[in-house]
Amino acid sequence: MKQYCGAVNDSSRKDALITAFHSLDQIESSIWKGLSLAPTEVLHPWRLPALGTNSEEGCELRTVVLRSCDAATRTLYAHTDLRSPKVLQVEQHSRTCWLFYHPEQRTQLRIIGRTQIHHQDTVADQFWTESDPTSLNLYRAPHPPGTVQPGPDPNLPLEIRGRKLSREEVEPGRDIFVVMATRIESIDWLRLDQAGSLRALFKWDDENQRTANWISP
Ligand SMILES: Cc1cc2nc3c(=O)[nH]c(=O)nc-3n(C[C@H](O)[C@H](O)[C@H](O)COP(=O)(O)O)c2cc1C
């Protein structure tokens with residue numbers, strides 16, 4: 001009996017899932033909504049994606065903060081330090097991959113695009129000016145990320161550790177502040193569900209023409 005009820009629930013859940021995600025356009029708009037909300041919602045799981053780059057060693061992955069998503073231009077933005085190895089990797093191989101996972105919605109996004117490095121230009125200036133100084137203190141780090149140290153080292157001058165910095169105090173960091181901007185070429189959307197997982201692939205060509213397909217999960 002319990003199993004039978006389960007079967008009814010599974011079947012109605014499956015119907016509900018297909019009703020909720022019946023259209024590729026609707027899924028695409030839910031993706032842009034999530035990506036646009038994530039940067040301003042501290043607890044949104046899509047705020048902390050993994051960014052993948054290519055290097056001579058192979059694939060490199062790291063967590064970054066999604067700072068902004070511009071749905072109109074299909075661009076994702078993150079901040080970084082000019083001296084971090086990923087900057088050179090992106091300059092050498094501009095195709096990058098972003099991985100997002102939402103545990104409550106059990107939804108994964110695998111996004112591929114071309115990434116551009118913005119340093120001391122209008123994009124970098126705009127992000128610097130619009131960022132809260134508390135998110136810019138890292139750019140006062142004296143050593144390039146990855147530098148070997150003789151002991152535990154937070155890589156921040158003693159006088160600015162553990163407190164909120166003013167805009168004037170973070171200002172010297174502007175020289176090494178970089179914005180990575182990824183122009184999205186494809187989004188692979190996957191929603192896992194025991195009642196039936198669903199997966200869709202969106203691609204855009206150089207003329208911004210979209211192709212959208214359901215694909216097997
Ligand atoms: C929660 C979290 C958020 C992070 N956000 C960023 C970020 O926005 N930009 C960044 O360059 N590194 C960020 N990092 C550090 C990177 O994951 C990585 O350790 C660092 O950038 C060095 O990477 P690289 O050697 O590949 O350049 C973050 C790490 C964590 C744990």
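The values are calculated or read from the model by the stated rules, or taken from the named source; none is laboratory data. Note that the coordinates shown come from a computational prediction; the quantities given were computed from them, not determined experimentally. Methodologically, a virtual Cβ is constructed for each residue, glycine included, from the backbone with ideal geometry; neighbour enumeration extends over all protein chains shown. Side chains are part of the model used for accessible areas, which takes the heavy atoms of the whole protein and leaves out ligands, DNA and RNA. Shrake-Rupley method; radii C 1.70, N 1.55, O 1.52, S 1.80 Å.
General observations
- Whenever a residue of the stretch 88-99 is farther than 14 Å from Ala181 by Cβ, its partners that are open to solvent by less than 20 Å² (accessible area, probe 1.4 Å) and within 12 Å of the ligand (Cβ to nearest atom), lying with C-beta atoms within less than 6 angstrom and at least six residues away or across chains, give the pairs Gln89/Thr53; Cys97/Gly52; Leu99/Pro49.
- Qualifying positions in the stretch 94-127 - more than 15 Å from the chain's Cα centre (by Cα), away from the ligand (no atom under 16 Å from the Cβ) and either farther than 28 Å from Phe21 by Cα or assigned to a helix (DSSP H, G or I) (or both): Gln120, Asp121, Thr122, Asp125, Gln126
Yes or no, residue by residue, for (1) closer than 25 Å to Gln120 by Cβ; (2) of a type in the set (D, E, K, R); (3) in a loop (DSSP other than H, G, I, E, B); (4) open to solvent by less than 30 Å² (accessible area, probe 1.4 Å):
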| position | (1), (2), (3), (4) |
| --- | --- |
| Gln149 | no, no, yes, no |
| Leu165 | yes, no, yes, yes |
| Glu168 | yes, yes, no, no |
| Gly173 | yes, no, no, yes |
| Ser186 | no, no, no, yes |
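- When residues of the stretch 63-88 are limited to those that are of a type outside the set (Asp, Glu) and more than 13 Å from the ligand (Cβ to nearest atom), the one surrounded by the fewest Cβ atoms within 10 Å (Cβ to Cβ): Ala72
- Ser30 being in contact with a Phe, Trp or Tyr (Cβ under 9 Å, 6 or more places away or on another chain), free of Cβ contacts under 8 Å to residues at least 60 places away in the same chain and either away from the ligand (no atom under 16 Å from the Cβ) or of a type in the set (Ser, Thr, Tyr) (or both): yes
- Hey, Glu91 open to solvent by 60 Å² or more (accessible area, probe 1.4 Å), among the charged types (D, E, K, R) and within 13 Å of the ligand (Cβ to nearest atom) or not: yes
- In this structure, Asn155 does satisfy being open to solvent by less than 60 Å² (accessible area, probe 1.4 Å), on the phi > 0 side of the Ramachandran plot, within 16 Å of the ligand (Cβ to nearest atom) and not small (Gly, Ala, Ser).
- Scope the stretch 33-47; condition surrounded by 14 or more Cβ atoms within 10 Å (Cβ to Cβ) and within 12 Å of the ligand (Cβ to nearest atom); matching residues: Pro39, Pro45, Arg47
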